[in-house]
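This report concerns only the one structure given below.
The values are calculated or read from the model by the stated rules, or taken from the named source; none is laboratory data. Remember, predicted model here, so these are calculated numbers, not experimental data. We place every Cβ from the backbone using ideal geometry, glycine too, and count neighbours over all the protein chains shown. SASA here: full protein model, heavy atoms, side chains in, ligands and nucleic acids out. Shrake-Rupley method; radii C 1.70, N 1.55, O 1.52, S 1.80 Å.
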Amino acid sequence: MLSKATEEETNKDLMIQLKGNGDSLKRAIDTLEKTNQDAKVNNNIGVGYLRLRNFQKAYDCFQEALSLAQSEEDKACILSNLSEVMRYKEDLNSAEKYMNEALEIKSNDSLKQLVMESNLESMSRIIKKK
């Protein structure tokens, strides 16, 4: 039981570090890359790389996470993150495609669903301006 609590505490610490920047963000990524690579870990690593603006590594992590994802909610979250990467890379058609795929998966979490719908709406406005 002690190791389980320690693992949960470590994961919480890593999630906090991923919200940081610079060195703490890089340390969190390094630590996560040394753990078992499931969908959530790869997604979190991808978020870290996205925050570091390393879009190719973020994209690769999100693709790996997507291939490992078992729940539909995880898939929707990862697709939304892929959309964000493509938006930063200014590939708006791909960004919109990923966001639409994410929205096709109905989330039980109404807040997540609202955020994804809002992101798609914002992206649609950007695409229309171009």
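Could you pull the accessible area for residue 88 with a 1.4 Å probe, rounded to 10 Å²?
Near enough 90 Å² of accessible area.
What whole-number value in Å² describes the accessible area per residue of the stretch 88-130 for a 1.4 Å probe?
72
Sort the stretch 55-110 into rounded, prolate or oblate with this rule: let a ≥ b ≥ c be the square roots of the eigenvalues of the Cα gyration tensor; rounded if a/c is under 1.5, and if a/c is not under 1.5, prolate when a/b is larger than b/c, oblate otherwise.
It is oblate, given that a/c is not under 1.5 and a/b is not larger than b/c.
Residues of the stretch 51-69 with backbone nitrogen within less than 20 Å of a virtual label 7 Å along the Cα-to-Cβ line of residue 122, please, listed as ranges.
51-56, 58-59, 62, by backbone N distance to the label point.
Using a 1.4 Å probe on the protein heavy atoms only, what accessible surface does residue 33 show? Give it in Å² to the nearest 10.
The accessible area of residue 33 comes to roughly 80 Å².
Sorted by accessible area with a 1.4 angstrom probe, largest first, how do 126, 29 fall?
Ranked from most to least accessible, the order is 126, 29.
What length, rounded to one decimal in nm, is gained on full extension from residue 52 through to residue 94, with 0.36 nm per residue of separation minus their alpha-carbon distance?
13.0 nm
For residue 55, what charge total do you get from the other residues with a beta carbon under 12 Å from its beta carbon, if Lys and Arg give +1 and Asp and Glu give -1?
So the environment of residue 55 carries a net charge of +1.
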